[in-house]
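Everything on this sheet refers to the single structure shown next.
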Amino acid sequence: MRVPIVTVGDNVVDCYPELGVLYPGGNAINVAVHVKRLGIQSSYIGALGNDRAGEAILNALHSEGVDTAHTRIIDGENAHCTIALENGNRVFQSSNLGVSRIVPSQNDYQAMSECAIVHTGECSGLEKDLEGISSQSEMLSYDFSERPWDYISGLAPFVDIATISLPEDQESKARQIASQVLALGPRIVAITLGASGVVLASNDEVVFQQAPLVKPVDTLGAGDAFIARMLCGLVWKETLQEIAVAATQYATNECLTHGAFGYETPLDVANISS
C-alpha cells in the first residue's frame, strides 16, 4: 500500500508535572497523527521504548490509524521531556532522548521512496542521513524550528519544504529569510510567527496570513499541526493562500487543549525517571 505521507524520527512523551499527566508527542509523531486526522494515510518510522511511555505512544498511533509497520520497539526507556506552562505557552524544561535515535534501514528508505512527502526535522538527529533521505524522497519536508542560519543553510539544499520558526511580529524578517532559503533550493518555505501568523512562500508567490486571536491553553504542538495541514494542502494541490488560511486556523485550534493531540495518561503510571 502506498502511504502518501511518511514521517521519520523523533517521538517523546510530554510530561506536565504540575498537572500530573503526560501526553504522546514529538514532531514526527504529531505530524503523522494530524495528517491522518485530516484524512490522508500516514506512516511513522522511528523507535519507541518498551516501557509504559512507549506503550502510550504506540497505543495512540494505533488508535489514530497511523501505519506503524516501520516503527521499532526497542528494549529501553522511551524519550521524554518535562513541560511547564506560562500563560498557556509551553516551556521546555528538561529532556531525555531515550532510545529514540535511529539510522534508517533499507526497508525504511524503500517506504520513503514510495510516498509523496517525507517529513522529519531538527529534533530527530538525522542530519547525517538527510542527503540519503532526500535522494529517496519525491518531496522532503524539514522542520528547522528555531535553528540558526548556519544550520539552515547547510541542510536546506536537500529540502523541498522548509519550515522555520521566528518570534511574533517579525513579518518583514520572515519575508527576507524565506527569500534566502528559497535561493538554496526548497520549493516551499513556511516561516511561522507564533500568534502573529505565517509567511508562506514559493519562487512565484509570497503570502502572509494572520493567526486567529485566541487565548491559548497550551501551544505545544501547534507548529506541528500547521505542518501537517500544510503538507495535506500540498497533496491536495491547494494554492498557497488556501494552505496559509487553513493551516493557520488548524494550528490555532490545537492551542485550545492540553498536549499535542490528546491521549492524557497519569504521570505516575508511566514511572518515568528524571
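The mean sequence distance of close C-alpha pairs (under 8 Å, at least 6 residues apart), as a share of the length of segment 5-269, puts its relative contact order at 20 percent.
Each other residue within a Cβ distance under 9 Å of N78 adds +1 if Lys or Arg and -1 if Asp or Glu, for a net charge of -2. Convex hull volume per residue, computed on the Cα atoms of segment 58-163, equals 146 Å³.
Determine the gain in length on full extension of the stretch H62-E264; use 0.36 nm per residue of separation and subtract their C-alpha separation, reporting nm with one decimal.
Residue separation times 0.36 nm, minus the Cα-Cα distance, leaves 71.2 nm.
Segment 27-106 and segment 169-223 have Cα centres lying 25 Å from one another. The mean sequence separation of alpha-carbon pairs under 8 Å and at least six residues apart, normalised by the residue count of segment 111-249, gives a relative contact order of 16 percent. Average projection, convex hull of the Cα set of segment 14-69: 4.1 square nanometres. Ranked by the mean number of other Cβ atoms within 10 Å of their residues, highest first, the peptides 93-99, 20-26, 52-58 fall in the order 20-26, 52-58, 93-99.
Overall shape of segment 110-230 was characterised from the C-alpha gyration tensor. The equivalent ellipsoid obtained from it has semi-axes of 24, 16, 13 Å, in decreasing order. Modelled label positions at L19 and E86, each set 7 Å beyond Cα in the direction of Cβ, lie 1.8 nm from each other.
Note on D75 and E114: with the Förster distance fixed at 30 Å, the Cβ-Cβ geometry gives a FRET efficiency of about 0.55.
Modelled label positions at S153 and K237, each set 7 Å beyond Cα in the direction of Cβ, lie 3.7 nm from each other. What translational diffusion coefficient, to the nearest whole µm²/s, does the chain have by Stokes-Einstein, given a Kirkwood radius computed over alpha-carbon pairs, a temperature of 4 °C and 1.567 mPa s viscosity? Translational diffusion coefficient: 70 µm²/s. Here the chain carries DSSP beta bridges of which approximately 45% are antiparallel, counting only pairs with both residues inside.
We did not get these values from a lab; they are worked out from the coordinates using the rules stated. Note that this is a predicted model, so its numbers are computed, not measured. Please note: Cβ atoms are built from the backbone with ideal geometry, for glycine as well, and neighbour counts cover all protein chains shown.
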